[in-house]
Protein chains: 2
Amino acid sequence: MKSIEVIAVPGIPEIEPGDQIADSILQALEQSPIELTRGDLLVVTHKIVSKAEGRVVDSGDDATYRAAVEEEAQAILRRRGDLTIARTHHGFICANAGVDRSNVPSGRAVLLPLNPDRSAHSIRMQLRRATGIDVPVIISDTFGRPWRRGQTDIAIGVSGMEAIADFKGKPDGNGRIMEATEIAIIDEIASAADLVMGKADHIPVAIVRGVAWEPGEARAIDLVRPPGEDLFR
Amino acid sequence: MKSIEVIAVPGIPEIEPGDQIADSILQALEQSPIELTRGDLLVVTHKIVSKAEGRVVDSGDDATYRAAVEEEAQAILRRRGDLTIARTHHGFICANAGVDRSNVPSGRAVLLPLNPDRSAHSIRMQLRRATGIDVPVIISDTFGRPWRRGQTDIAIGVSGMEAIADFKGKPDGNGRIMEATEIAIIDEIASAADLVMGKADHIPVAIVRGVAWEPGEARAIDLVRPPGEDLFR
């Protein structure tokens, strides 16, 4: 029976600047019945990564919040009311340049990690040193989409695997060579992980087990479509 | 331990026009160790729904394929080379107006179901009559996104549940009232299901178990952002 499992990691404490996320994950796993296994993937919401890296700013009033958004934005694409769609310095296109006040102590806002791919790599390396198991790490965030209501979790950082599952040129179920089918598998994994994390539950880490992933050195930032390829900028 | 499971339903035969998808699913389940359980969700790729509904056309050469795309499109948004981004008659914005030649016998192309929400409803009702269990049904398709490379599976039809998990106005983990957090949970479920379906594996149906879903009467077509709300048309 082919199946995948998405397992919430309980017991991650409130993260403070300077904390090592990998240590927090290992301690939480030790106190749980869950064992990290070869083949697993780990999804970590960016929010705890940003907190550990000190990427938190004051945002006591709307003016300081707006200033943080301006600071994080490299370019503003659209504005409507309180909503700003911006391109961040990394290149991500998202609401409010990733500056987020939910699940943050009042009067504070969390920014995106400076380099989420590097953050993922660092967590993966620390976990590998501690456990001997090389588990790919995905760092997720909740993004809106043009054209569709509602938000979904996507990958803003990754380490240890390919980001795209490429079916181009492979035979499909009918033996026909498939046309362009490049699945953004790290985004699908981030979305799957969000189903156990929930937004109000304070579960910032999930293990995803049973996915057919390919080892690789992809970066999530490379999923951002180059402006020249993009038909909708 | 909070977890969700995504289970591939094996043994769905090649679907022909006039087939009842619900019957095919029930027969496949009977021959498998998997039992449909209260609380489960069912994800069905649109391709078998379209085949059952006879939404298959000849597409032996590029001209007939292009004609099918024109026929399915209500408006063309962008063209580049062979790629057309169109709004379908339903309102979905997707590549080639949803006309797809992969996983289809050579010389044929599959169109989107005429009304995927109604198709989902019909499958759900048939399953409920046969099993006594009311399982929400999501019909999925693989869509590209502006700004991000790679495709992900999203929901184009749904029956029996809310489409959006709305955390607006609910306290977050810090007791702070959350700002706009509306999770397109049916899209996240479709993405999770794709992780066991794969593109070359011919697994068109998956059970998703353990998700905290809300019963409801949402339609997937309502996830399409109204043009007036959309900042990127």
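What follows draws every value from the coordinates through simple rules; no lab data is involved. Quick caveat, the model's predicted, so the values are computed rather than measured. Reconstructed Cβ throughout: ideal geometry from the backbone, glycine too, with neighbour counts over all protein chains shown.
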*Okay, helix-only estimate at 222 nm for chain A: each DSSP H run of n ≥ 4 adds -39500 (n - 2.57), divide by all residues, round to 500 deg cm²/dmol; what do you get?*
-7500 deg cm²/dmol
*Which listed residue (A:GLN27, B:ALA28, B:HIS46) has the Cα farthest towards the positive end of the charge dipole for the protein assembly as shown, taking +1 on Lys and Arg C-beta and -1 on Asp and Glu C-beta about the Cα centre?*
B:HIS46
*If the cut-off is a Cα-Cα distance under 17 Å, which aspartates and glutamates reach B:LYS51, setting aside same-chain residues fewer than 8 apart in sequence?*
A:ASP172, B:GLU14, B:GLU16, B:ASP19, B:ASP23, B:GLU72, B:ASP100, B:ASP117, B:ASP141
*Compute the longest continuous run of chain B that contains no exposed GluC sites (Glu not before Pro); treat a site as exposed when its DSSP state is not H, G, I, E or B and it has at most 13 other Cβ atoms within 10 Å.*
B:36-216
_Label geometry 7 Å along the beta-carbon vector: B:PRO17 inter-copy distances in nm_ = 6.7
*How far is it, in nm, from the label point at A:PHE232 to the one at B:ARG38 when both lie 7 Å from their Cα along the line to the Cβ?*
4.1
*Which Cα, out of A:PRO215, A:HIS202, A:PHE232, lies furthest along the positive dipole direction of the range A:194-233 (beta carbon charges, K/R +1, D/E -1)?*
A:HIS202
_Once you place label points 7 Å from the Cα toward the Cβ at A:ALA212 and B:GLU30, how far apart are they in nm?_
2.9
*Position B:ARG66, label points 7 Å along Cα→Cβ, spacing to each other copy in nm (shortest first, one decimal)*: 5.0
*Is there a simple number for the mean count of other chain Cβ atoms within 10 Å of the Cβ of residues in A:135-146, and what is it?*
3
_Spin-label model distance (nm) - A:HIS202 vs B:SER106, 7 Å beyond Cα toward Cβ_ = 6.0
_the range A:56-112, dipole about Cα centre (Lys/Arg Cβ +1, Asp/Glu Cβ -1), debye to the nearest 20_ = 260
*With respect to the cross-link table entries A:LYS47/B:LYS47; A:LYS2/A:LYS47; A:LYS2/B:LYS47, which display a Cα-Cα separation exceeding 29 Å?*
A:LYS47/B:LYS47; A:LYS2/A:LYS47
*Might you report the magnitude of the Cβ-based charge dipole of the range B:1-145 about its Cα centre, with Lys and Arg at +1 and Asp and Glu at -1, to the nearest 20 debye?*
560
_Efficiency of FRET between B:ASP61 and B:MET125 - r from beta-carbon atoms, R0 45 angstrom, step 0.05_ = 0.70
_Which trypsin sites (Lys or Arg not before Pro) in the range B:35-91 sit in a loop by DSSP (not H, G, I, E or B) and have at most 14 other Cβ atoms within 10 Å of their own Cβ?_
B:ARG38
*Please order A:ASP58, B:ASP40 by the number of other Cβ within 10 Å, starting at the fewest.*
A:ASP58, B:ASP40
